[in-house]
Amino acid sequence: MNRSRAGLVAALGVLGSVLVIVVAVAIAVRLSSSDAKRLSSPELAQEKQTGSKPGEPNDPMGQKPPTDEAKAQSRPVLQMPESSPAKEGPKEAPERFDFDKAKERLEARERKRMEQPGPEDKRRPEQMSEPPVVVKLPPKENSRNLQENPQERAKQAKLSYADQAILKKINAYRKQVGLGSVTVDAELSEGCMAHAKYLVQHDGEPSTTGLGCHTEHPDLVGFTEKGERAAKAAIISSSKGSRLPSLGWPASSVDGWMATFFHRLPILDPSLKRIGIGYATTAQGIYWQVVVDIKSGVAQESKDRREPVVYPSENQKDVPLTFSLGCIEEPNPLPLGYNPTRCGYPVTVTFPDSIRVEDANATLEWVSARKLPDFVMTAVPVWLSTPEKPAYTFEAQHNTVCAIPKDMLQPLATYRVTVRGKVKGVRWEKTWKFTTAAR
């Protein structure tokens, strides 16, 4: 009995020793794995970088703020892929910036941008810090053509807001009668600007009043040869009084010219291709001079043109009511002593200069519907000027038949025009209608 109990105690002792050894081995294995994890943990990296251990006192987050050196070391660094070491040689100088190539790229991009149509700038001049400038940069190889070809010079004109407005109005009137657009010639504009400044500088002198505005005197300050040439080839509009760009001036001078007889004709010349634009004013903006070279850019008349230019055109609407919009035209196409500001809007029919026009006559009738559907035609008295009987012995008559109503036209009224005559010995007649504006 005692022997069996002693054997059991010995067995239990051996089993306990084995368990102790197993437990010790398990603990050792676990400690070794935790040490391996700790070696790769961010806490150990922090401990190496900052010199502090997690859980030290005075660190509520269990970490100390990293030092500046640790911050610099912890920033991400972009590394290039490793490559095989190359033999060291002389270092190449850094490539210099090529300004010429950069300029060419910018010019090419600007040309592309300017060639693309964009929305029209509808801002008024006083809302703009400076007038818009349209510049079309040509290729360098076209510099020779720029000097020899007037059309290339026209492309180079730098157009201010007022220049664009004047050009737009002239082309709009030409489009109404089926004529092509014109361009602005930079060289012609220089002469127009010089003459406009000359007229402003000598305002009130007898030599610049009336038709004297179409010349320059060499003995006066501001005389230039370009200005002299522009004076003889230009239509000119002068105004005294406050003329603000926001009211449409100086572009509204085109409307005044179109409301006259002699100044309208060169604007509607089918052979006109290029114009020059110039204007000047006093420092207070009280006195204006607008000069448009309308003759220097006329090409040779086409022999194929046979149809006359009629204005107001057929079925045109919003036709003004008064002659010269209340101003006075020089030279005056009306009889001496008659007030031109009380007359109606003129009607013109211009034939090619090479065609002979005889026995011309024109009638104007007011079409009113007093009793629908019947229309009542009321004759309107007019001043008549024809190539055979011009109103003024002046070359500006051209080959034109002109009818100027003796009284202002009625607002919102329809008028019928009939012009008859012999064209190249053959009877010719044309009838058309137009409608006036509200005022």
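Modelled label positions at GLU388 and ASP318, each set 7 Å beyond Cα in the direction of Cβ, lie 3.9 nm from each other. Shown is the FRET efficiency for LYS240 and SER271, computed with R0 = 41 Å from the Cβ-Cβ distance and rounded to the nearest 0.05: 0.75.
Let a ≥ b ≥ c be the square roots of the eigenvalues of the Cα gyration tensor of region 227-369; is it rounded (a/c under 1.5), or, if not, prolate (a/b larger than b/c) or oblate? Please list the in-between numbers first.
Details: a/c = 1.94, a/b = 1.23, b/c = 1.58.
Oblate.
Ligands, DNA and RNA left out, the 1.4 Å accessible surface of region 311-439 is 52% carbon and sulfur atoms. Label-to-label distance, ALA24 versus SER207, with points set 7 angstrom from Cα along the beta-carbon direction: 13.0 nm.
Using 21 Å as the Cα-Cα cut-off, could you pick out the over-long pairs in LYS197/LYS232; LYS158/LYS197; LYS175/LYS433; LYS240/LYS273; LYS158/LYS226?
Values: LYS197/LYS232 15 Å; LYS158/LYS197 19 Å; LYS175/LYS433 18 Å; LYS240/LYS273 31 Å; LYS158/LYS226 18 Å.
Those over the limit are LYS240/LYS273.
Need the full-extension length gain, ALA11 to ALA438, defined as separation in residues times 0.36 nm minus the C-alpha distance. One decimal, nm.
Values: separation 427, 0.36 × 427 = 153.72 nm, distance 12.96 nm.
Gain on stretching ALA11 to ALA438: 140.8 nm.
Phi angles of region 419-427 translate, via the Karplus equation with coefficients 6.51, -1.76, 1.60 and θ = phi - 60°, into HN-Hα couplings of 10, 10, x, 10, 10, 6, x, 10, 4 Hz per residue; Gly and Pro are given as x. The slack in the chain from ALA413 to ASN171, taken as 0.36 nm per residue of separation less the alpha-carbon distance, amounts to 84.5 nm.
Expressed per residue, the C-alpha convex hull volume of region 263-306 stands at 64 Å³.
Label sites at VAL426 and SER181, each approximated as a point 7 angstrom past Cα along Cα to Cβ, lie 3.5 nm apart.
The values are calculated or read from the model by the stated rules, or taken from the named source; none is laboratory data. This one's a predicted model, so the numbers in the text were calculated from it and none came from an experiment. A quick note on method: Cβ atoms are made from the backbone with ideal geometry, for glycine too, and the neighbour counts reach across all protein chains shown. In case anyone asks, the SASA skips ligands and DNA or RNA and just uses the protein heavy atoms, side chains included. Shrake-Rupley method; radii C 1.70, N 1.55, O 1.52, S 1.80 Å.
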